[in-house]
1. Tell me, what ³J(HN,Hα) does each residue in the range 61-77 have, in order and in whole Hz, if you take phi through Karplus 6.51 cos²θ - 1.76 cosθ + 1.60 with θ = phi - 60° and put x for Gly and Pro?
2. To make sure I understand, if each residue's beta carbon is the centre and we count other beta carbons within 10 Å, what order do Tyr56, Tyr204, Tyr32 fall in, fewest to most?
3. Please list 3J(HN,Hα) in residue order for the range 30-46, calculated via the Karplus relation 6.51 cos²θ - 1.76 cosθ + 1.60 where θ = phi - 60°; whole Hz, with x for glycine and proline.
4. If I model a spin label at Ala128 and Asp282 as a point 7 Å from the Cα along the Cα→Cβ vector, what separation in nanometres do I get?
5. Distance check, please: which entries in Lys13/Lys72; Lys72/Lys227; Lys84/Lys199; Lys91/Lys289; Lys112/Lys298; Lys13/Lys210 exceed 28 angstrom between their Cα atoms?
6. Provide Phe120, Phe246 in ascending order of the number of other Cβ atoms located within 10 Å of each residue's Cβ, fewest first.
7. So what are the ³J(HN,Hα) numbers for the range 236-253, from phi and the Karplus equation (6.51, -1.76, 1.60; θ = phi - 60°), rounded to whole Hz, Gly and Pro as x?
8. Please list, ordered by chain and number, the residues whose modelled amide H lies under 5 Å from the amide H of Ser88; skip anything fewer than 5 residues away on the same chain.
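Rule-based calculations on the coordinates, nothing more; no lab input. None of the values given here were measured: they were computed from a predicted structure. We place every Cβ from the backbone using ideal geometry, glycine too, and count neighbours over all the protein chains shown.
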Amino acid sequence: MQLKIDYESGKIKDSEQIAIQRIQTFEPSEGYYLAYSGGKDSIVIRKLCELAGVKYEVRNAHTTVDPPEVVKSIINDQECNINKPNESMWKLIPRKKMPPSRLVRYCCEVLKEEGGEGRFVVTGVRHAESSKRSKRRHVEYDAYGSKSKKAIKEREKFNLMNDNDEKRKMIEQCVIKGKNILNPIIDWSDEEVWEFIKKYNLSYPSLYNKGWDRIGCIGCPLAKSSKRIQEFEEYPVYYINYLKAFDRMVEVRLNNDMETEWNTGEEVMMWWLEIENQAEFDYVDNKIKNLYKKQKEKAYGDNIAVMIHVERNVNTIKMNYTLSINAY
Ligand code: SF4
């Protein structure tokens, strides 16, 4: 592991020792709430908590758009408790009347950030993941919701628990009101994460071996367009489900007299994937729909009822809105 200066003691230590020390320093009496996604970073913090010898509870927020391989491993994980959301992404989109976006990521609030109130949450957030995360610290205060202006302001004010008495008070107070967040591997590079995983021979989702650098919600609007297309190519049924949800969303918008430039799920998808050229979108759309058909044929080829449904999914999505409006 890389050697770094531990700013608490002024000594040179390796990243693993520093992370373990961070975890031990802030251990709450009731134990940590370990936010576990099943991705590489959360696999690392789970092992670090074990090595640190602290009390912790492993919690997964089921988003309904996680990769099936990850969902399966979490379901089979005896130590992991799952927070099930009240509604799926497919219901959330029409209810919110807009697709989730980088600016309005309502799905995170509803599907991902639920749970952990009043607890000390330990996460695998790292600066190396994104420029936005480069501003995150290894201990944070989140009493008001992670993206509210107030929470951002509080984070700016807040540094370390032992910085001074005033800041320390703020942390003790937020244990009652909201969440404290510990990011023990905030300054780890991707290389350090993989080195640690190999050192302890930890199992990880095979998607990483297929070239995925990050594993999270399929189609997440925070990811690059090319990455989202790659995800839909691997799991085309999610693409179909998003199209259907967008269709229902357009219908709800029109029924509520909301202005909309979209008429079909595909039109929303083209905007959502940030594809400007119609021919380029048609290529992507056809490719993913064909992959979906092939996957279903492989699994249910001899089941005529299922295959009729599959064909209808692919061919009539564009007509869904017209059909349902005509029905009124
Ligand atoms: S899709 Fe992205 S923005 Fe939505 S819950 Fe998942 S991570 Fe958050």
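1. Values, residue by residue: 8, 6, 8, 6, 10, 7, x, x, 4, 5, 4, 4, 5, 6, 4, 7, 8 Hz.
2. On the way: Tyr56 22, Tyr204 19, Tyr32 27.
Result, fewest neighbours first: Tyr204, Tyr56, Tyr32.
3. Using θ = phi - 60°, the values come out as 7, x, 6, 9, 8, 6, 10, 9, x, x, 4, 5, 6, 5, 5, 5, 5 Hz.
4. 4.3 nm
5. Among Lys13/Lys72; Lys72/Lys227; Lys84/Lys199; Lys91/Lys289; Lys112/Lys298; Lys13/Lys210, the Cα-Cα distance tops 28 Å for Lys13/Lys72; Lys84/Lys199; Lys112/Lys298; Lys13/Lys210.
6. Phe120, Phe246
7. x, 5, 5, 4, 4, 5, 5, 4, 5, 5, 5, 4, 5, 4, 4, 4, 4, 4
8. Close amide H contacts, sequence-distant or interchain: none at all.
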